[in-house]
Amino acid sequence: MELIISPSVLSCDFANIQRDVELINESKADWFHVDVMDGVFVPNISFGFPVVEAIKKHAKKPLDVHLMIQQPDNYINQFRDAGADLLTVHYEACTHLHRTIQAIHSAGMKAGVAVNPHTPVDLLQEVIEELDLVLIMSVNPGFGGQKFIKNAVLKVEQAKNLIHQRGSRALVEVDGGVNLSTGRELVLAGADALVAGSFVFGSDNPKQTIQDLKVLKA
(Lines give C-alpha, C1' and ligand atoms only; values in the text may rest on other atoms or scores of the structure.)
Protein backbone atom coordinates (compact mmCIF):
# COMPACT_ATOMS: atom_id res chain seq x y z
CA MET A 1 0.00 0.00 0.00
CA GLU A 2 1.26 3.47 -0.91
CA LEU A 3 1.85 6.06 1.79
CA ILE A 4 -1.11 8.42 2.17
CA ILE A 5 -0.28 12.14 2.40
CA SER A 6 -2.94 14.38 3.91
CA PRO A 7 -1.90 18.07 3.81
CA SER A 8 -3.42 20.10 6.64
CA VAL A 9 -5.39 23.05 5.31
CA LEU A 10 -4.99 24.68 8.73
CA SER A 11 -1.61 25.85 7.42
CA CYS A 12 -2.82 27.14 4.07
CA ASP A 13 -3.31 30.82 3.17
CA PHE A 14 -6.86 31.53 4.36
CA ALA A 15 -7.07 34.54 2.03
CA ASN A 16 -6.40 32.20 -0.91
CA ILE A 17 -7.99 28.99 0.29
CA GLN A 18 -9.42 28.03 -3.11
CA ARG A 19 -5.97 28.43 -4.67
CA ASP A 20 -4.42 26.16 -2.05
CA VAL A 21 -7.20 23.59 -2.43
CA GLU A 22 -6.49 23.53 -6.17
CA LEU A 23 -2.78 23.11 -5.38
CA ILE A 24 -3.55 19.98 -3.35
CA ASN A 25 -5.87 18.74 -6.11
CA GLU A 26 -3.02 19.00 -8.59
CA SER A 27 -0.42 17.43 -6.28
CA LYS A 28 0.32 13.81 -5.35
CA ALA A 29 -1.54 14.25 -2.05
CA ASP A 30 -4.30 11.73 -1.29
CA TRP A 31 -6.57 13.51 1.22
CA PHE A 32 -7.33 16.95 2.60
CA HIS A 33 -6.79 17.08 6.37
CA VAL A 34 -9.29 19.52 7.91
CA ASP A 35 -8.79 20.40 11.59
CA VAL A 36 -11.89 21.57 13.44
CA MET A 37 -11.24 23.19 16.84
CA ASP A 38 -13.77 24.61 19.29
CA GLY A 39 -11.62 26.66 21.68
CA VAL A 40 -12.72 24.37 24.55
CA PHE A 41 -11.22 20.93 23.92
CA VAL A 42 -8.13 22.71 22.56
CA PRO A 43 -7.03 26.35 23.07
CA ASN A 44 -7.72 27.45 19.53
CA ILE A 45 -10.66 27.93 17.18
CA SER A 46 -10.61 26.98 13.50
CA PHE A 47 -13.02 26.00 10.75
CA GLY A 48 -16.77 25.67 11.05
CA PHE A 49 -19.26 24.07 8.68
CA PRO A 50 -19.19 26.85 6.01
CA VAL A 51 -15.42 26.51 5.52
CA VAL A 52 -15.61 22.72 5.33
CA GLU A 53 -18.38 23.09 2.74
CA ALA A 54 -16.26 25.58 0.79
CA ILE A 55 -13.29 23.22 0.75
CA LYS A 56 -15.51 20.32 -0.33
CA LYS A 57 -16.90 22.40 -3.19
CA HIS A 58 -13.47 22.58 -4.82
CA ALA A 59 -11.77 19.44 -3.46
CA LYS A 60 -11.27 16.49 -5.79
CA LYS A 61 -9.93 14.24 -3.04
CA PRO A 62 -11.49 12.92 0.20
CA LEU A 63 -11.89 15.19 3.22
CA ASP A 64 -10.11 13.76 6.27
CA VAL A 65 -11.87 15.78 8.99
CA HIS A 66 -10.30 15.81 12.46
CA LEU A 67 -12.61 17.01 15.25
CA MET A 68 -10.79 18.55 18.19
CA ILE A 69 -14.04 19.43 19.91
CA GLN A 70 -16.13 18.48 22.90
CA GLN A 71 -19.36 16.51 22.40
CA PRO A 72 -18.61 15.56 18.77
CA ASP A 73 -21.72 13.33 18.69
CA ASN A 74 -23.87 16.46 18.39
CA TYR A 75 -22.33 17.36 15.02
CA ILE A 76 -21.75 14.08 13.18
CA ASN A 77 -24.54 14.49 10.61
CA GLN A 78 -23.66 18.14 10.05
CA PHE A 79 -20.07 17.25 9.18
CA ARG A 80 -21.35 14.52 6.88
CA ASP A 81 -23.55 17.10 5.16
CA ALA A 82 -20.63 19.54 4.96
CA GLY A 83 -18.61 16.96 3.03
CA ALA A 84 -16.53 14.88 5.42
CA ASP A 85 -15.55 11.48 4.02
CA LEU A 86 -13.59 10.35 7.07
CA LEU A 87 -14.45 11.73 10.51
CA THR A 88 -11.97 11.41 13.38
CA VAL A 89 -12.90 12.13 16.99
CA HIS A 90 -10.69 12.24 20.06
CA TYR A 91 -10.64 9.40 22.55
CA GLU A 92 -10.41 12.03 25.29
CA ALA A 93 -13.58 13.81 24.13
CA CYS A 94 -15.93 10.82 23.91
CA THR A 95 -17.77 9.45 26.93
CA HIS A 96 -19.36 6.65 24.90
CA LEU A 97 -16.73 6.04 22.23
CA HIS A 98 -18.23 2.88 20.72
CA ARG A 99 -21.55 4.65 20.24
CA THR A 100 -19.80 7.58 18.57
CA ILE A 101 -18.00 5.26 16.14
CA GLN A 102 -21.29 3.55 15.30
CA ALA A 103 -22.94 6.92 14.69
CA ILE A 104 -20.17 7.97 12.27
CA HIS A 105 -20.54 4.74 10.32
CA SER A 106 -24.33 5.05 10.32
CA ALA A 107 -23.93 8.51 8.80
CA GLY A 108 -22.01 6.94 5.90
CA MET A 109 -18.49 8.05 6.80
CA LYS A 110 -15.33 6.22 7.76
CA ALA A 111 -14.49 6.51 11.46
CA GLY A 112 -11.22 7.43 13.10
CA VAL A 113 -10.11 7.93 16.69
CA ALA A 114 -7.26 10.24 17.68
CA VAL A 115 -5.15 9.90 20.81
CA ASN A 116 -3.28 12.78 22.42
CA PRO A 117 0.43 12.41 23.24
CA HIS A 118 -0.30 11.37 26.85
CA THR A 119 -2.96 8.78 25.95
CA PRO A 120 -1.84 5.12 25.71
CA VAL A 121 -2.71 3.38 22.45
CA ASP A 122 -3.87 0.24 24.24
CA LEU A 123 -6.94 2.14 25.46
CA LEU A 124 -8.29 1.56 21.94
CA GLN A 125 -8.21 -2.23 22.21
CA GLU A 126 -11.98 -2.50 22.80
CA VAL A 127 -12.86 -0.52 19.64
CA ILE A 128 -9.93 -1.19 17.29
CA GLU A 129 -11.87 -3.68 15.17
CA GLU A 130 -14.53 -1.01 14.50
CA LEU A 131 -12.09 1.64 13.34
CA ASP A 132 -10.97 2.71 9.89
CA LEU A 133 -8.23 4.97 11.25
CA VAL A 134 -6.11 5.51 14.35
CA LEU A 135 -4.66 9.02 14.49
CA ILE A 136 -1.52 9.39 16.62
CA MET A 137 -0.97 12.98 17.72
CA SER A 138 2.74 13.71 17.64
CA VAL A 139 2.20 17.21 19.07
CA ASN A 140 -0.30 18.52 21.57
CA PRO A 141 -3.39 19.42 19.53
CA GLY A 142 -4.44 22.99 18.93
CA PHE A 143 -1.72 24.74 16.93
CA GLY A 144 0.37 24.04 13.85
CA GLY A 145 4.14 24.25 13.66
CA GLN A 146 4.93 22.52 16.97
CA LYS A 147 7.96 20.37 17.71
CA PHE A 148 7.58 16.64 17.05
CA ILE A 149 7.16 14.43 20.15
CA LYS A 150 9.53 11.51 19.63
CA ASN A 151 7.43 8.99 21.57
CA ALA A 152 4.94 9.04 18.69
CA VAL A 153 7.21 6.62 16.80
CA LEU A 154 6.79 4.00 19.53
CA LYS A 155 3.04 4.64 19.60
CA VAL A 156 2.83 3.94 15.87
CA GLU A 157 4.50 0.57 16.46
CA GLN A 158 2.10 -0.16 19.33
CA ALA A 159 -0.93 0.80 17.22
CA LYS A 160 0.18 -1.44 14.35
CA ASN A 161 0.74 -4.35 16.72
CA LEU A 162 -2.72 -3.90 18.21
CA ILE A 163 -4.29 -3.71 14.75
CA HIS A 164 -2.58 -6.93 13.67
CA GLN A 165 -3.42 -8.75 16.90
CA ARG A 166 -7.11 -7.93 16.64
CA GLY A 167 -7.46 -8.39 12.88
CA SER A 168 -8.43 -4.76 12.36
CA ARG A 169 -8.17 -3.04 8.98
CA ALA A 170 -7.51 0.37 10.54
CA LEU A 171 -4.85 2.62 9.08
CA VAL A 172 -2.39 4.48 11.28
CA GLU A 173 -2.11 8.21 10.63
CA VAL A 174 0.24 10.67 12.36
CA ASP A 175 -0.35 14.40 12.81
CA GLY A 176 2.14 16.96 14.08
CA GLY A 177 5.72 17.95 13.36
CA VAL A 178 5.92 15.80 10.23
CA ASN A 179 8.83 16.50 7.87
CA LEU A 180 11.12 14.29 5.80
CA SER A 181 13.18 13.21 8.81
CA THR A 182 10.33 12.47 11.23
CA GLY A 183 8.23 11.12 8.38
CA ARG A 184 10.89 8.55 7.54
CA GLU A 185 10.97 7.34 11.16
CA LEU A 186 7.18 7.10 11.27
CA VAL A 187 7.00 5.15 8.02
CA LEU A 188 9.62 2.69 9.27
CA ALA A 189 7.52 2.25 12.42
CA GLY A 190 4.49 1.39 10.30
CA ALA A 191 2.60 4.64 9.62
CA ASP A 192 0.15 4.41 6.71
CA ALA A 193 -0.72 8.11 6.46
CA LEU A 194 1.05 11.37 7.32
CA VAL A 195 -0.51 14.76 7.97
CA ALA A 196 1.73 17.70 7.08
CA GLY A 197 0.78 21.34 7.37
CA SER A 198 3.44 23.98 7.84
CA PHE A 199 6.08 21.72 6.29
CA VAL A 200 4.08 21.66 3.05
CA PHE A 201 2.58 25.14 2.87
CA GLY A 202 5.67 26.82 4.31
CA SER A 203 7.93 25.31 1.66
CA ASP A 204 9.05 26.99 -1.55
CA ASN A 205 7.45 24.25 -3.65
CA PRO A 206 4.50 22.60 -1.85
CA LYS A 207 3.82 20.14 -4.68
CA GLN A 208 7.41 18.90 -4.64
CA THR A 209 7.36 18.69 -0.84
CA ILE A 210 4.25 16.50 -1.02
CA GLN A 211 5.98 14.33 -3.60
CA ASP A 212 9.07 14.05 -1.38
CA LEU A 213 6.89 12.86 1.49
CA LYS A 214 5.00 10.48 -0.77
CA VAL A 215 8.14 8.56 -1.73
CA LEU A 216 9.24 7.96 1.88
CA LYS A 217 7.49 4.64 1.47
CA ALA A 218 8.76 3.52 -1.92
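Brief remarks follow.
- Matching residues, the stretch 54-67, being modelled with pLDDT of 95 or more and crowded, with 21+ Cβ neighbours inside 10 Å: Leu63, Asp64, Val65, His66, Leu67
- For beta carbons closer than 7 Å, sequence separation of 6+ or different chains, a first residue in the stretch 37-58 that is without any contact (Cβ under 8 Å) to a residue 12 or more places away in the chain and a second that is surrounded by 15 or more Cβ atoms within 10 Å (Cβ to Cβ), the qualifying pairs are Ile45/Met37; Ile45/Asp38.
- Taken over the stretch 53-107, residues that are assigned to a helix (DSSP H, G or I) and among the hydroxyl-bearing types (Ser, Thr, Tyr) amount to 4.
- Any hit, the stretch 3-14, residues being assigned to a helix (DSSP H, G or I) and in contact with a strand residue (DSSP E or B) (Cβ under 7 Å, 6 or more places away or on another chain): yes
- Only residues that are touching a residue at least 40 places away in the same chain (Cβ under 8 Å), among the charged types (D, E, K, R) and part of a loop (DSSP other than H, G, I, E, B) were counted across the stretch 167-184, and they come to 0.
- Entry remark, the stretch 7-53: residues being within 16 Å of Gly197 (Cα to Cα), at pLDDT 95 or above, more than 15 Å from the chain's Cα centre (by Cα) and not hydrophobic (A, V, I, L, M, F, W, C) number 4 in total.
For every residue, the table says whether it meets (1) within 18 Å of the chain's Cα centre (by Cα); (2) modelled with pLDDT of 95 or more; (3) in a helix (DSSP H, G or I).
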position: Ala159; (1), (2), (3): yes, yes, yes
position: Gln165; (1), (2), (3): no, yes, yes
position: Leu186; (1), (2), (3): yes, yes, yes
position: Leu194; (1), (2), (3): yes, yes, no
position: Ala218; (1), (2), (3): no, no, no
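- Assessment of the stretch 132-142 against the conditions (among the polar types (S, T, N, Q) and crowded, with 16+ Cβ neighbours inside 10 Å) yields at least one matching residue.
- The residues in the stretch 190-211 that are under 18 Å from Val139 (Cβ atoms), touching a helix residue (DSSP H, G or I) at 6+ places or on another chain (Cβ under 9 Å) and buried (at least 20 other Cβ atoms within 10 Å of the Cβ) can be counted, and the count is 7.
- Of all residues in the stretch 80-96, none are at pLDDT below 95, surrounded by 21 or more Cβ atoms within 10 Å (Cβ to Cβ), of a type outside the set (Val, Ile, Thr) and at negative phi.
- For the stretch 101-110, the count of residues that are touching a Lys or Arg at 6+ places or on another chain (Cβ under 6 Å) and either in contact (Cβ under 8 Å) with a residue 40 or more places away in the chain or not small (Gly, Ala, Ser) (or both) is at least one.
The values are calculated or read from the model by the stated rules, or taken from the named source; none is laboratory data. These numbers were taken from a predicted model, which means no experiment stands behind them. Quick reminder, even Gly has a Cβ in these numbers, built from the backbone with ideal geometry, and neighbours come from all protein chains shown.
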